[in-house]
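Here is the structure we will look at, set down as structure tokens.
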Amino acid sequence: MRLLFISLAAAMAFPARAGISLDECMARAEENYPAIAQYDIATRSASVALSDINRGWLPRVEIYAQSTLQNDIPSWPDALGNMLAAMNQNFRGLSRFQYKAGVDVTQTVWDGGASRASRRVERASELVKKASVDVEMYAVKERVQNLFFSILLMERQIDLTRRSLALLEANHSRLEAMVKNGTAMKSDAAMVEAQILATHQKLSEADAALGSYRRMLSILTGMETVDAQLDMPAADMPADDTPERPELQLLDLRSRLNEAMLSRRDAAVMPRIGFFAQAYYGYPGLNYFESMMKRDMSFNILGGLKLSWNIDSFYTRSNSRRATALQQESLQADRETFLLNNRMLSTQQRQQIDALREVMATDSRIVELRAEVRRAAESQLANGIIDTTALLAKITEENQARLTEQYHQIQLIQQIYQLRHTLNR
């Protein structure tokens with residue numbers, strides 16, 4: 001029996017073949033998670049927005065056609081009209097019905113820095129979107145870790161349950177022989193058989209839970225992990241408690257985005273300078289005197305330099321600055337809150353790791369003592385000194401001690417990984 005236990009322990013401590021590592025599972029989960037597509041979407045969205053901003057420097061062309069009917073039009077002065085009438089010259093003046101078709105072209109020369117500020121905002125927005133995905137993907141890693149360690153723990157529980165089952169079956173066979181020889185009661189063998197059946201039930205429940213955990217891990221990672229062997233990870237303690245979490249980077253990038261949006265608001269109060277040109281064919285032309293003398297359509301063109309200044313943004317500029325300052329204060333408060341909670345959590349996790357190490361120092365000795373007591377109980381049962389209930393209690397205590405030892409070993413590595421996840425170190 002002792003040889004069987006040594007063989008099982010060696011098999012658990014030294015896997016016969018290499019399996020799937022925790023790092024591989026986390027990497028594959030990131031690749032398989034649908035949110036990974038958001039990185040490319042953010043890049044393409046920013047590319048489209050930047051393209052639109054750059055096209056703002058292209059000439060603006062407007063093609064139009066219009067006709068108007070006016071209630072009043074420019075006319076000859078009375079003195080000039082009387083003089084022309086005395087000379088038998090009849091100039092009708094401009095028609096109240098006017099029409100033209102033309103093209104207006106404008107070209108921005110300086111936009112007050114608006115396009116530069118808009119490009120800065122779009123690039124900052126792209127980084128914020130990607131950082132938000134980083135935060136979401138980081139949470140996926142934690143889910144993978146929890147599933148991975150749950151599988152390892154359940155496997156150890158199943159192994160120890162099977163070992164306990166083997167002990168129960170061996171003692172049941174011994175009791176049946178004693179019943180035939182008249183040295184034990186039939187109820188003693190029935191009690192052990194009932195415990196065997198109950199252990200089979202626990203084993204079935206554990207197998208079902210293990211299968212569920214493995215299927216969930218397979219869905220998360222996109223890997224076939226239902227029957228795959230998982231390697232026990234080796235975790236090193238972080239050197240310090242300085243966090244490098246993606247949430248902090250997201251807060252920094254949101255702060256930069258606020259600054260970029262403020263610079264765009266500042267650019268909105270600057271004047272704009274540009275060239276313009278107008279060309280049209282219609283009536284009246286630019287030469288009003290000629291159009292007043294004859295009502296023929298003509299081709300006309302004009303161009304120049306234009307300065308425009310919309311001062312509406314000055315009305316809200318101070319409020320915009322105050323709003324940005326408040327947003328920055330809010331982000332700083334969020335950062336300090338996150339750092340405080342992170343520091344408290346990492347401190348608690350370090351204390352739990354230290355406590356686990358102290359407890360584990362006596363785990364192996366407890367297992368040895370429980371095994372020794374169980375072997376003594378088997379001998380005492382054979383000699384009729386104790387009853388079956390006492391033996392079952394000793395077997396249960398030994399199995400619990402072994403399970404606790406395995407649990408502590410896995411829990412220690414899991415706690416170290418949780419600390420590393422808390423700090424992203």
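Values for this structure:
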{"item": "Verdict on ARG265 being open to solvent by 50 Å² or more (accessible area, probe 1.4 Å), assigned to a loop (DSSP other than H, G, I, E, B), farther than 30 Å from ARG350 by Cα and of a type in the set (Lys, Arg)", "result": "no"}
{"item": "Cβ-Cβ under 8 Å pairs, at least 6 apart or on other chains, segment 51-70 side open to solvent by less than 90 Å² (accessible area, probe 1.4 Å), far side in a strand (DSSP E or B) and of a type in the set (Asp, Glu)", "result": "TYR64/ASP104"}
{"item": "Single unsatisfied condition, GLU176 versus (1) surrounded by fewer than 17 Cβ atoms within 10 Å (Cβ to Cβ); (2) among the acidic types (Asp, Glu); (3) touching a Leu at 6+ places or on another chain (Cβ under 7 Å)", "result": "(3)"}
{"item": "Segment 73-104 - residue that is under 27 Å from TYR281 (Cα atoms), of a type in the set (D, E, K, R) and open to solvent by 100 Å² or more (accessible area, probe 1.4 Å) and, of those, modelled with the lowest pLDDT", "result": "ARG92"}
{"item": "Top-ranked residue of segment 144-186 - restricted to ones that are of a type in the set (Ser, Thr, Tyr) and more than 38 Å from the chain's Cα centre (by Cα), ranked as modelled with the highest pLDDT", "result": "THR161"}
{"item": "Qualifying residue in segment 238-260 (condition: within 30 Å of LEU307 (Cβ to Cβ), among the aliphatic types (A, V, I, L, M) and surrounded by 15 or more Cβ atoms within 10 Å (Cβ to Cβ))", "result": "yes"}
{"item": "Qualifying position, being in a helix (DSSP H, G or I), among the polar types (S, T, N, Q), under 19 Å from LEU168 (Cα atoms) and open to solvent by 60 Å² or more (accessible area, probe 1.4 Å), among GLN352, GLN380", "result": "GLN380"}
{"item": "Index of the failed condition, ASP334 passing every other in (1) surrounded by 14 or more Cβ atoms within 10 Å (Cβ to Cβ); (2) over 30 Å from SER263 (Cα atoms); (3) among the acidic types (Asp, Glu)", "result": "(2)"}
{"item": "Enumeration of residues in segment 156-183 that are free of Cβ contacts under 8 Å to residues at least 60 places away in the same chain and in contact with a helix residue (DSSP H, G or I) (Cβ under 9 Å, 6 or more places away or on another chain)", "result": "ILE158, ARG162, LEU165, GLU169, HIS172, GLU176, VAL179"}
{"item": "Cβ-Cβ under 6 Å pairs, at least 6 apart or on other chains, segment 407-425 side over 25 Å from PRO246 (Cα atoms), far side at pLDDT below 90 and open to solvent by less than 40 Å² (accessible area, probe 1.4 Å)", "result": "HIS408/ASP363"}
{"item": "Residue that is nearest to PRO271 (Cα to Cα), among those in segment 293-309 that are in a loop (DSSP other than H, G, I, E, B) and open to solvent by less than 90 Å² (accessible area, probe 1.4 Å)", "result": "MET297"}
{"item": "Pair list, Cβ under 6 Å, 6 or more apart: segment 228-254 residue under 21 Å from GLN409 (Cα atoms), other residue surrounded by 15 or more Cβ atoms within 10 Å (Cβ to Cβ) and among the hydroxyl-bearing types (Ser, Thr, Tyr)", "result": "ASP231/SER21; ALA235/TYR417"}
{"item": "Residue satisfying all of: in segment 355-370; open to solvent by less than 60 Å² (accessible area, probe 1.4 Å) and of a type in the set (Gly, Ala, Ser); farthest from ALA260 (Cα to Cα) among these", "result": "SER364"}
{"item": "Number of positions in segment 99-130 that are assigned to a helix (DSSP H, G or I) and of a type outside the set (A, V, I, L, M, F, W, C)", "result": "11"}
{"item": "Number of the condition not met by ARG322 [criteria: (1) open to solvent by 70 Å² or more (accessible area, probe 1.4 Å); (2) touching a helix residue (DSSP H, G or I) at 6+ places or on another chain (Cβ under 8 Å)]", "result": "(2)"}
{"item": "Near pairs, Cβ below 8 angstrom, 6+ apart or cross-chain, from segment 347-359 (more than 22 Å from THR242 (Cα to Cα) and of a type outside the set (A, V, I, L, M, F, W, C)) to any residue that is in a helix (DSSP H, G or I) and open to solvent by 60 Å² or more (accessible area, probe 1.4 Å)", "result": "none"}
{"item": "Flag for LEU286 being open to solvent by 80 Å² or more (accessible area, probe 1.4 Å), of a type in the set (A, V, I, L, M, F, W, C) and without any contact (Cβ under 8 Å) to a residue 24 or more places away in the chain", "result": "yes"}
{"item": "Selection count where residues are crowded, with 21+ Cβ neighbours inside 10 Å and either of a type in the set (Gly, Ala, Ser) or not in a helix (DSSP H, G or I) (or both), scope segment 383-400", "result": "0"}
{"item": "Selection from segment 206-239 of residues that are in a loop (DSSP other than H, G, I, E, B), closer than 12 Å to CYS25 by Cβ and among the hydrophobic types (A, V, I, L, M, F, W, C)", "result": "MET223, ALA228"}
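Residue by residue, here is whether (1) charged (D, E, K, R); (2) at pLDDT 90 or above; (3) under 18 Å from SER67 (Cβ atoms); (4) in contact with an Asp or Glu (Cβ under 6 Å, 6 or more places away or on another chain) holds:
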residue	(1), (2), (3), (4)
ALA279	no, yes, yes, no
SER291	no, no, yes, no
PHE299	no, yes, yes, no
LEU305	no, yes, no, no
PHE314	no, no, no, no
SER320	no, no, no, no
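Residues checked against (1) closer than 30 Å to ALA131 by Cα; (2) touching a Gly at 6+ places or on another chain (Cβ under 7 Å); (3) of a type in the set (A, V, I, L, M, F, W, C):
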| site | (1), (2), (3) |
| --- | --- |
| GLN249 | yes, no, no |
| LEU257 | yes, no, yes |
| TYR281 | no, yes, no |
| TYR288 | no, no, no |
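The values are calculated or read from the model by the stated rules, or taken from the named source; none is laboratory data. Quick caveat, the model's predicted, so the values are computed rather than measured. When we count neighbours, we look across all protein chains shown, and the Cβ atoms used for this are built from the backbone with ideal geometry, even at glycine. The accessibility values were calculated without ligands, DNA or RNA, using every heavy atom of the protein model including side chains. Shrake-Rupley method; radii C 1.70, N 1.55, O 1.52, S 1.80 Å.
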